[in-house]
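What follows is a short report on a single structure.
No value in this document is a laboratory result; all are computed from the given coordinates. Quick caveat: nothing in here was measured; it's all calculated off a predicted structure. Glycine gets a Cβ as well: all are built from the backbone with ideal geometry, and neighbour counts include every protein chain shown.
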Amino acid sequence: MILSAIVFLPILFALILTFWPKENSIRPLALGFSLVEFFLSLSLLQRFDPTTAALQMTEKSMWIPRFGIQYYLGIDGISLWLVLLTTFLTPIIILASWKSIEYRIKGFHVAMFVLQTAMLGTFLAMDAVFFYVFWELSLIPMYFIIGIWGGANRIYATIKFFIFTMLGSVLMLVAIIYMMYLTQEATGTMSASLLDFYKLKIPFVGHDFFSLQTMLFFAFAGAFAIKVPIFPVHTWLPDAHVEAPTPGSVILAGVMLKMGTYCFLRWIIPLFPEAAEYWGWVFLVLGTVGIIYGALVAMVQPDIKKLVAYSSVSHMGYIVIGIFVFNQYGITGGLFQMLSHGISTGALFLLIGMIYERTHSREISKYGGLASVAPLYSIVFFIITLSSIAVPMTNGFVGEFLVLLGVFKAQPIYTYFAISGVVLGAVYMLWMYKRVFFGEKGELFKDEHHPIADLNYREMAVMLPLVVMVFWMGLFPNHFIDYSKASIDHLVKNRTNYSLAQDELKNENTQARWQGEGK
Amino acid sequence: MKMDVSWKDITLVMPMVAIFLTSLIPITIKVLRGNREQNPLATLIQGLSGLLIALGLLVVVGTIADGASAFNNALLFDPITQWLGAVAIISAGASLVMMYENPATKGEQFSELTFLTMSSVVGMLILVAAVDLLTVFIGMEMMSLSLYLMIGMSHEEKLSKEAALKYFILGSFASAIFLFGTAYIFGTTGSTNILNFIQDTAGLVQSNRLFLFGITFVMIGFCFKVSIAPFHAWTPDVYQGAPTPHAAFMATAVKAVSFAAFLRLVATKSLVGSANLFDVLQWLAVITMIVGNVAAILQNNLKRMLAYSSISHSGYILIGLITAGVSDDGSFGASSVIFYLLSYSIMTLGSFALISMMEKNPESITNVDDLAGLAKSRPVLALCFTVFMLSLAGLPPTLGFFSKFYLFSSAIKEGLLWLALWGVINSVISVYYYLRPVVTMYMKEGDAQIAGHNLTATTVTIFVSALFIALLGFVSGPIFSAVERSFL
């Protein structure tokens, strides 16, 4: 019941908020709700058994028997931290939006909670159609968050975001339906359960692009690549980030992008192991290009938010190459990088939002000398900057280091190029930091009569957990990795006959895959 | 030919008889009152109760008939009749409610309008049950003639007259072509009954040029009624010119019953099995989806946009029809078509109901921009309209997603992956224009207001349909299985 509660409590909160009569008590109420959700999800750590790779706390019942579609929730070492990341960021976002969301406060919080359900459902659903419902549902609240509370060009950005993401996912829907029929052919009963999909042996011919597994692989990978986003389908991301309100950017960068990379681990690698291995180079190349391209473009951005948006493209590239080398280091690093990117980029967007509330400008050239105006803000910003450029002892270092280690072990050539992203990352972040915080006072701070205030207590409360996490994850990465180790080892070792079911894990390697032939 | 009319035949047509008899009540009262209109509410209640009785009878008749035919195989009472007949009756009821409150249709002559609507439904019920091409023709004409009159009766003076005339002339052409085709079929096979000649069609289509002409003309007649491109050109003009409730009626009930008759013709393996017709239908489906969706992007008038959207939905449904036609037992494809029509009707009725509420006088035109700010002035209605739009676009977890899911999975099952891909790509295109009203309502400043007068009944229609759309998706599995089981 715990997983159902975690997934559907936010919807209940959204309903309560919808009918809540008083507009001015919405914010504390929503904050309280999101904290309840966070503490509830913390109890997962207690119940979770890190020694097994099997799916835990499963809840399963038939939803649409005609098509074998189930209500199926489950958690393992791969999804555990992403669930916690989601529930951890939500209260922070609600607290951070205290001042920045000025109108339609009720609608905003309702959208936020619906979005939370959609994201948690995406991470926890173990049935393809059930998963797809959450995956698509996440678009709708995000669409409203960008479109209603966003910047000047918000409508263009939100429609672009919606259509890009949907284009990928409808092809995935066709592939899902196709795989459901494959299970029917193999066993006689149709099933949309991911665990039944894992048992399929989908025919694969390496050099043939039209072989069944390759086609299905690209149908799924396309949907996830757009979500991540991998170069060259990343173009919706800068638009969406720049136009989105601060809370929208944080949730987008912090969690929604992770939906894509998570699904590479959950769907692509175990479902299409041969195709993933054969075509892995495509994603290694695109990921590497993304790292360098994102960093170079970030360097020349005049707008701080756009700079961070492009840095996301660069950082997500690490996750992608880490995943596609299929070894422990790479995948552990990828997973760790997902979390640390969620924390550090989320924090960067929050910080940018805070200063934007004061100056109403994001242009780097108008800043300068902020360090003397707002010292506390500068310190926090610097810590997060260090985390973003992966300085040792911060969370960013662990992820990027593990990824590069894994890639070097398997495909060293990509490391030579990817490593330049680390240097470029330092260049654009530190250069930005220099221009914003040091030097002459920028035109925004010339006005002596209206000094820019430093962080207030609310904003400190917003940033404190994030700063703590930066160091906690940087200094004690094993606290986090230990929970995922069994799952990742299992994924790496048994890619070709993957399973998550408790009973099948005991006699690993002996279980044969079903034979399924495509039409 | 000797005709035996037994009591069973009479029993089976009771739903039609019931509607016909109740439809006479309002106009008889009007005559008895010296041509003075009775209270429109009374007329509405009479009309709705007639439809409700017919709905009940349809369910009863469906159970006792159990696939039986009546009047020498002229009418067939199978699941298609039952489900799509029910869709037609429900749509007619909802449209009648809108007519009661729409400025272009309410008040004067409402009893005549009720009579015409219900006699149109009688024609529809004949059409859904018809298996003889001549009976199909009678049903189709009865339905259409009433509609021509209904559109022309609008209180709006210019566009509706043009629409009525356009619809009448083009509709008559289509009927004539249909009848012409029927004559060819009779000439080559000696029968007009689908059940008699359908087994031989595969061979006849290949060997007999005249039969091919005949069957093609018949299909063109259907394509016109359900607005399959390139026979769709009347749809936007007529939907725009007709009063909004009538447009809703045409987009839902007319489409559902015409597809029922089309389904009977196509959903037999023999017809679509012949390669040429299969290719033609397949491309018609693709072209219809593209034409509908791409043209809808360019529209500003909401009714016109919904007209093009209804064209594109015909394309999706045609995929289901083809699926039913190529499969060994057409029940999966046919059920997905029925389910799609059911959910499509609910969401379309809801959307038109909202447009109807926006109209302040018979002449008013509702553009997309007129919705600006509706989310602020009427948040609940705006939310309902958003639900309809998202459902039409096929986004989960609305009912529209599940109907598309069933439709496409039936297509993929029959190996029509190609068509399913066209379908999903088109639903991405459609997202663009379905989101436009949502963008306007929520993200643009404006002072949209619904029309001032009393609109309780239409509001209830909107709420009920929005509730269905939002919630039925979760229990769509059992509903779909029920539709499919009824074919066994």
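Chymotrypsin sites (Phe, Trp or Tyr not before Pro), restricted to the stretch A:356-405: which are DSSP loop and have at most 13 other Cβ atoms within 10 Å?
Numbers: sites: A:Tyr356, A:Tyr367, A:Tyr377, A:Phe381, A:Phe382, A:Phe397, A:Phe401; in loops: A:Tyr367.
Passing sites in the stretch A:356-405 do not exist.
Cross-link partners among lysines for A:Lys409, C-alpha distance below 23 Å, same-chain residues fewer than 8 apart left out?
In chain and number order, the partners are A:Lys485, A:Lys493.
Let me test this: with uniform point scatterers at the alpha carbons of the stretch B:367-488, what is the Debye-based log₁₀ I(q)/I(0) at q = 0.18, 0.22, 0.23 1/Å?
Those come out to -1.00, -1.23, -1.28, one per q.
Can you work out the Karplus-derived ³J(HN,Hα) for every residue in the stretch B:126-143? Use 6.51 cos²θ - 1.76 cosθ + 1.60 with θ = phi - 60°, whole Hz, and x for glycine or proline.
After applying 6.51 cos²θ - 1.76 cosθ + 1.60, I find 5, 5, 5, 8, 6, 10, 9, 4, 5, 5, 4, 4, 4, x, 4, 5, 4, 4 Hz.
Taking only Cα atoms of the stretch A:372-452, what ratio of Rg to Rh do you get with Rh as the Kirkwood inverse-distance radius? Walk me through the numbers on the way to the answer.
Numbers: Rg = 17.3 Å, Rh = 14.7 Å.
On the Cα set of the stretch A:372-452, Rg over Rh gives 1.17.
At a Förster distance of 30 Å, what's the computed FRET efficiency of B:Val294 paired with B:Lys161, Cβ-Cβ distance as r, to 0.05? Don't jump to the answer; show the numbers that get you there.
Working: r = 30 Å, r/R0 = 0.99.
Once rounded, the FRET efficiency stands at 0.50.
Enumerate the amide H contacts of A:Asp127 below 5 Å, restricted to partners 5 or more residues apart or on another chain; note that Pro and chain-start residues carry no placed amide H.
Residues meeting the criterion, in which the H sits 1.01 Å from N, are A:Tyr72, A:Leu194.
Give me the one-decimal Kirkwood hydrodynamic radius in Å for the stretch A:284-496, with the sum taken over alpha-carbon pairs. Don't skip to the answer; put the middle values down first.
On the way: mean 1/r = 0.0564 Å⁻¹.
Taking the inverse mean of 1/r over all distinct Cα pairs, the stretch A:284-496 comes out at 17.7 Å.
If the cut-off is 24 Å between C-alpha atoms, which lysines fall inside it for A:Lys446, apart from same-chain ones fewer than 8 positions away?
Hits, sequence-local ones excluded: A:Lys305, A:Lys366, A:Lys434.
If you average the alpha carbon positions of the stretch B:125-165 and of the stretch B:286-308, how far apart do those two centres end up, in angstrom?
Cα centres, the stretch B:125-165 to the stretch B:286-308: 23 Å.
Chain B: percent of C-alpha pairs farther apart than 32 Å? Before the final figure, lay out the partial values.
Details: 42417 of 118828 pairs.
Summing the P(r) of chain B above 32 Å gives 36 percent of all pairs.
Between A:Asp503 and A:Asn327, what is the FRET efficiency for a Förster distance of 35 Å, r being their Cβ-Cβ separation, to the nearest 0.05? Please report the intermediate quantities before stating the final value.
Working: r = 28 Å, r/R0 = 0.79.
Here the calculated transfer efficiency is 0.80.
What shape does chain A take by its C-alpha gyration tensor, where a ≥ b ≥ c are the square roots of the eigenvalues and a/c under 1.5 counts as rounded, a/b above b/c as prolate, and the rest as oblate?
Here chain A falls in the prolate category.
So which lysines can B:Lys413 reach, going by Cα to Cα under 22 Å and dropping same-chain residues fewer than 8 places off?
The reachable lysines, counting only those whose Cα sits under 22 Å from B:Lys413, are A:Lys199, A:Lys201, A:Lys519, B:Lys269, B:Lys404.
Between B:Leu52 and B:Thr456, what is the FRET efficiency for a Förster distance of 22 Å, r being their Cβ-Cβ separation, to the nearest 0.05? Please list the in-between numbers first.
Numbers: r = 19 Å, r/R0 = 0.86.
E between B:Leu52 and B:Thr456, to the nearest 0.05, is 0.70.
How long is the gain from A:Phe476 to A:His207 if the chain were fully straight, where each residue apart is worth 0.36 nm and the alpha carbon distance is subtracted? Kindly include the intermediate steps, with their values, before the conclusion.
Values: separation 269, 0.36 × 269 = 96.84 nm, distance 4.42 nm.
Between A:Phe476 and A:His207, full extension yields 92.4 nm more.
In Å³ and rounded to a whole number, note down the convex hull volume per residue for the Cα atoms of the stretch A:1-102. Before the final figure, lay out the partial values.
Details: hull volume 12.8 nm³, N = 102.
So the per-residue Cα hull volume is 126 Å³.
Amide H of A:Phe231: which non-local residues (sequence gap of 5 or more, or other chain) have their own amide H closer than 5 Å, using H built in the peptide plane?
For A:Phe231, the qualifying residues are A:Gly290.
Quick one: divide the alpha-carbon radius of gyration of the stretch B:273-344 by 2.2 N^0.38 Å and tell me what you get.
On the way: Rg = 13.6 Å, N = 72, 2.2 N^0.38 = 11.2 Å.
This ratio for the stretch B:273-344 stands at 1.22.
Applying the Karplus parametrisation 6.51 cos²θ - 1.76 cosθ + 1.60 with θ = phi - 60° to the phi angles of the stretch B:93-106, what ³J(HN,Hα) value in whole Hz is obtained for each residue in order, glycine and proline being reported as x?
x, 5, 5, 4, 4, 5, 4, 4, 10, 6, x, 7, 10, 7
Based on Cα coordinates alone, diagonalise the gyration tensor for the protein assembly as shown, multiply each eigenvalue by 5, take square roots, and list the semi-axes in whole Å, largest first. Show your work: numbers first, answer last.
Values: eigenvalues 613, 230, 105 Å².
Semi-axes from the Cα gyration tensor: 55, 34, 23 Å.
Per residue of the stretch A:322-336, in order, report the coupling 6.51 cos²θ - 1.76 cosθ + 1.60 (Karplus, θ = phi - 60°) as ³J(HN,Hα) in whole Hz, putting x for Gly and Pro.
Couplings: x, 5, 7, 9, 6, 10, 3, 4, x, 6, 4, x, x, 5, 5 Hz.
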